[in-house]
Amino acid sequence: MRGGGAFTVLLALAAGIALTFLALPIVALFTEVPLRRVPDLLRDPAVRDAIAVTVRTNAIANVLIVVVGTPVGYLLATRAFRGRTLAITLVELPLVLPPAVAGIGLLAAFGAGGLVGTRLNEAGIVIPFTQWAVVLAVTFVASPFYVRQAITAFEGVDRSLVDAARTLGASPARTFARISLPLATAGLLAGWVLAFARGVGEFGATIVFAGNVKGETQTLTLAIYEQLDANFDLALAIGILLVVLSGSVLLSYKMLSSWRRSSSTSPAPFARTSSMSG
């Protein structure tokens, strides 16, 4: 019992140190600048421009991630084929790449004289240092979070339900839309939350591939970087905005996940599966 008590104290001490370390930077953000000044600071034209660029580029990137990443995750989760391990490795590789390497890779691919950049330039399409460069940078670094979670979500779908739908005559596409996709929604949402948070916080690949042009490629994270020396209070205010945004998304996800778990006990979602025979 004495040993168990000492171990519990050790665990509590480790938890206290970890939680304090994680909370300290967040608390500092909200204490180093008077909160009553934050709304006025965020009205700065530079912040408004950075918000517009962040919202616009991340909205496009998230649509691309979900629209393309969902079928990719489903394919990798439900099909066995030669090269599957390599495909999953390619999906996961951006997770461990240094951000600057991701940026220089995108520049080597899409820049002038790059792997496909030369053909794009000949067609009059210039991507580097434009908002499309921001979109591609966000998509590249954030999509693995969504696709990897999508694979896990689709792998967790009860295979017997899928087989039953196919036995009743449902096509693969209908089975995906009526069975697999609804049952994997919570996991897909978790992946989207991670991808969204990663995309909004993207810095390294963006500054290398898209630059830091106000009103064009400067996102909120790049605005923080620029304001560190010019106006530290403004940099703190942008940081507070991003913390509130990230916390709101995470809280919304947790509430939605809790609602889905409470409603999953109802047999209603599966009551109509017999209709798929038509």
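Farthest towards the positive end of the charge dipole of the chain, among the residues Gly156, Ala12, Gly239, is the Cα of Gly156, using unit charges on the Cβ of Lys, Arg, Asp and Glu.
When the scattering of the stretch 1-152 is computed by the Debye formula from its Cα atoms alone, each counted once and equally, what is log10 I(q)/I(0) at q = 0.09 Å⁻¹? Evaluating at q = 0.09 Å⁻¹ gives log10 I(q)/I(0) of -0.54. Principal axis extents of the C-alpha atoms in the stretch 186-246 (largest first, rounded to whole Å): 42, 26, 17.
Relative to the 2.2 N^0.38 Å rule of thumb, the stretch 133-176 has a C-alpha radius of gyration ratio of 1.69.
Here the contact order of the stretch 54-213, divided by its residue count and restricted to Cα pairs under 8 Å and six or more residues apart, works out to 37 percent.
Relative to its residue count, the chain spans a Cα convex hull of 216 Å³ per residue. In this structure, Val116 and Ala87 have a Cβ-Cβ separation that, at R0 = 22 Å, corresponds to a calculated FRET efficiency of about 0.60.
What the Cα convex hull of the stretch 2-78 gives, in volume per residue, is 158 Å³.
With the Kirkwood sum run over all distinct C-alpha pairs, the stretch 104-184 has a hydrodynamic radius of 15.6 Å. Relative contact order of the chain: what whole-number percent is it, with Cα pairs under 8 angstrom and at least 6 residues apart? For the chain, the relative contact order is 28 percent.
About the centre of its Cα atoms, the chain shows a dipole size close to 1160 debye [charges on the beta carbon of Lys, Arg (+1) and Asp, Glu (-1) only; nearest 20 debye]. Based on alpha-carbon atoms, the Kirkwood radius and the radius of gyration of the stretch 175-219 give Rg/Rh equal to 1.28.
All of the numbers you see were taken from the coordinates with simple rules; none came from a lab. Predicted model only: the values in this text are computed from it and were never measured. Here Cβ is always computed from backbone atoms with ideal geometry, including for glycine, and neighbour counts include all displayed protein chains.
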